[in-house]
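Note sheet for the following structure.
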Amino acid sequence: INTNAFKKYQSATGGVLDANTGLLKVTTAQYNALKPLNFAINGATFALPPNGQIFPRALNTAIGGAPGQIYLVVNDIGSTDSGMEFVLGMYFFERFYLVFDSTNKRVGFANTGFTNSTKN
């Protein structure tokens, strides 16, 4: 998300930047208080639930993180003078279907069986 939104996200989550991973790290209590992160796209809202905002804990050591810690995957894409407010990535697309309709120059999103999953 853009820098201004990231600062608000960091403040809202209480996350602290982890030097080893480059990700925000939160405590269990902060994770339990985490709210869905809503993306407004063409008049529709797509909510990334708390579990969809964290790096898979079983893979923490693969990115230089500590076992048992909770790292948030939402990160700062820099300032957005170009009008880009956010970039949707892997963790978003694990939760929502994405369909490209190149004939009509449009993109569609839909829920999947994992949209509201609590497994990570």
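For the structure I just gave you, tell me whether Val74 is assigned to a strand (DSSP E or B) and touching a strand residue (DSSP E or B) at 6+ places or on another chain (Cβ under 9 Å). Considered against the rule, which asks whether it is assigned to a strand (DSSP E or B) and touching a strand residue (DSSP E or B) at 6+ places or on another chain (Cβ under 9 Å), Val74 comes out as no. Restricting the first member to the range 1-25 and to residues that are over 15 Å from Ile54 (Cα atoms) and modelled with pLDDT of 95 or more, and the second to residues that are open to solvent by less than 30 Å² (accessible area, probe 1.4 Å) and of a type in the set (D, E, K, R), no beta-carbon pair is closer than 7 Å while six or more apart or on different chains. Summed over the range 11-42, residues that are farther than 16 Å from Phe96 by Cα, open to solvent by less than 90 Å² (accessible area, probe 1.4 Å) and in a loop (DSSP other than H, G, I, E, B) total 9.
Which residue out of Asn116, Asn104 is open to solvent by 30 Å² or more (accessible area, probe 1.4 Å), in a loop (DSSP other than H, G, I, E, B) and in contact (Cβ under 8 Å) with a residue 12 or more places away in the chain? Quick ask: steps written out before the conclusion?
Values: Asn104 fails: in contact (Cβ under 8 Å) with a residue 12 or more places away in the chain.
Of Asn116, Asn104, the one residue that is open to solvent by 30 Å² or more (accessible area, probe 1.4 Å), in a loop (DSSP other than H, G, I, E, B) and in contact (Cβ under 8 Å) with a residue 12 or more places away in the chain is Asn116.
Residue count for the range 43-65 under the criterion of being outside any helix (DSSP H, G or I) and either free of Cβ contacts under 8 Å to residues at least 40 places away in the same chain or in contact with a strand residue (DSSP E or B) (Cβ under 6 Å, 6 or more places away or on another chain) (or both): the result is 8.
The values are calculated or read from the model by the stated rules, or taken from the named source; none is laboratory data. Computed from a predicted model, the values in this text were never measured in an experiment. With ideal geometry, Cβ positions are generated from the backbone for all residues, glycine too; neighbour counts draw on all protein chains shown. In case anyone asks, the SASA skips ligands and DNA or RNA and just uses the protein heavy atoms, side chains included. Shrake-Rupley method; radii C 1.70, N 1.55, O 1.52, S 1.80 Å.
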